[in-house]
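Read-outs throughout are calculated quantities, based only on the coordinates presented, and are distinct from any laboratory measurement. Keep in mind it's a predicted model, so treat the numbers as computed, not measured. As a convention, Cβ positions derive from the backbone with ideal geometry for all residues, glycine included, and neighbour counts pool all protein chains shown.
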Amino acid sequence: MGGQRLLLAVAGCLMCTWGLRAATLDLTSISGPAVVEQLLHLATFSDDPLPAVTRLIFTPNDMKARKYVKQLMKEAGLTIREDPMGNIYGRMHGSTKTTGAVVTGSHVDAIPLAGAYDGTLGVIGAIAALKALGEAGFRPEKPIEALMFTSEEPTRFGLGCIGSRGMSGALTVETLNDKLDVNGTSFQAASTAAGYGGKSHETILEGTRVKPGSIAAFVELHIEQGPRLEREGLQLGIVSAIAAPAALRVFFSGDGGHAGALLMPDRNDAGLAAAELALAVEKATLDAGAIDAVGTTGFLQIGPNSMNSVPREAKLEIDIRDIDAARRDRTVSSVLKSVEEIAARRDVRHRVEMINQDPPATCSQEVITAATEAAKELGASQKALVSRAYHDSLFMSQIAPTGMIFIPCRNGWSHRPDEFASAADIETGVKALALTLARLAGTAAAGEHSEL
Ligand SMILES: *[C@@H]1O[C@H](CO)[C@@H](O)[C@H](O)[C@H]1NC(C)=O
Ligand SMILES: [Zn+2]
């Protein structure tokens, strides 16, 4: 009780200090339509005709997008640096050199036939927010950085969030060695050809890992990729937790045979084993008894995939997520048990590959409070949300207090060409981001000069 009252008193005091300073912060230079124009320009760097956006990491269109991002950073007066993985930082200097930076960012890579807003909003919006803070004469105590992460989407190398995994230290040399693109090109070769990279995955990871304490807080602005804000007519979502993804690949193989000649008692049908497993995934997920538990068999392939053959091979890719890691792991274990049980009963061979099994993130109260207060200051409607998709924030949360700000997107759509967020919602999101960053970074004391 006493502790709670003390916390409230401290929060109240911080707010009144802020109230005095915020009065001088004029963010009218943030314009939704101007940010949209930049997002749509970025969208022109696409392997598919607009409105579809396809942009794989380190391809020519990704390199054009990087050049554009750096141009915007330069125009915003930010100091640019890039790491060996190709994460791009644009820094607004703070008045103290001794603290970590407040960092905000997202990604600009896009899966095939995606849209113009997923990820890009959190990069273009971050630069717009920092530019506006500079123009408003805001001098932060802590440095603030806009960040573009390398390869949030798993499209090219089969692993998502490569840049943020590398920064957080969650990525091993072995994992990176295993990931080749469709042409057999390694991350080392592709990143080096793009002007980043290094002589080995080891040196690349070493040069990318963030030093402890160098990030004071991280916040990511993103479209919701779900329908909740739009349905409730709300302008902002303040993320409280990010669901933990796990993914596994399961192979069954039987002996196959002629669909007419092979009698039912003599079959070991790999396709039926896969069908049973897909149902077992659904059952294990429902048995978790929580609305936040989700399980999907999104890929199922049988071979030889011919009408008059008993399936000999089956491959499934299964995605299981939850905001509770222990409960998610119980669902995964239950699915693994079903694999064994089905394989034994149907006399098929089996093999399982864990693709990834990442921990969930609980967002930082400090960031949640800063974003909530920012939303209030704007007079924007808001609610707390769980992020069911995962983001670079999931990995940043391992090394820094982290949070996310969502804006509504039409019908909750994303990863499709008709993905859309309105200029008005984008403007609210960028303003909320700017105010959140200002709160987290603090105002330089009068007379203090920025580091150079
Ligand atoms: C793989 O090679 C093909 C043929 O040379 C090329 O068109 C494609 O862009 C390459 N894919 C990647 C991701 O580099
Ligand atoms: Zn994204």
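Here are a few things to note about the model shown:
- At full extension, Gln71 and Glu135 could sit 21.3 nm farther apart than now, given 0.36 nm per residue minus the alpha carbon distance.
- Neighbourhood net charge (14 Å Cβ-Cβ; Lys/Arg +1, Asp/Glu -1) for Val367: -1
- Contour minus Cα-Cα distance for Arg345 and Leu286 (0.36 nm per residue): 18.9 nm
- Two-decimal Rg/Rh across the range 31-184, once Rg and the Kirkwood Rh are taken from alpha-carbon atoms: 0.99
- A Förster radius of 22 Å combined with the Cβ-Cβ distance from Gln365 to Gln398 puts the calculated FRET efficiency at roughly 0.85.
- Ordering of 432-443, 242-253, 171-182, 410-421 by packing [mean C-beta count within 10 Å, highest first]: 432-443, 242-253, 410-421, 171-182
- The Thr96 and Asn411 beta-carbon pair, evaluated with R₀ = 60 Å, returns a calculated FRET efficiency of approximately 0.85.
- Along principal axes, Cα extents of the range 244-357, largest first, whole Å: 49, 20, 20
- Applying a length cut-off of 15 Å (Cα extent along the axis) and a mean Kyte-Doolittle floor of 0.0 to the DSSP H helices of the chain leaves 2-22, 32-43, 120-135, 270-287, 365-378, 423-441.
- Rounded Å value of the spacing that divides the Cα centres of the range 336-351 and the range 33-78: 47 Å
- Note on Ala384 and Glu82: their simple-model spin labels are 4.1 nm apart, each label 7 Å out from Cα toward Cβ.
- Built amide H within the under 5 Å cut-off of Phe218, gap 5+: Val103, Thr402, Gly403
- Net charge of Cβ neighbours under 10 Å - reference Thr297; Lys, Arg +1; Asp, Glu -1: -3
- Helices in the chain, meaning DSSP H runs of at least 4 residues, each add -39500 (n - 2.57). Divided by all residues, the mean residue ellipticity at 222 nm is -12000 deg cm²/dmol.
- Protection-proxy order for peptides 258-267, 276-285, 73-82, 50-59, each taking the mean of Cβ atoms within 10 Å per residue, highest first: 50-59, 276-285, 73-82, 258-267
- Inter-label distance, Ser306 to Arg330: 4.6 nm, where each label sits 7 Å from its Cα along the C-beta direction.
- The slack between Arg249 and Asp266, meaning 0.36 nm per residue of separation minus the straight C-alpha distance, is 3.4 nm.
- Cα gyration tensor shape of the chain, rounded if a/c is under 1.5, else prolate or oblate by comparing a/b with b/c: prolate
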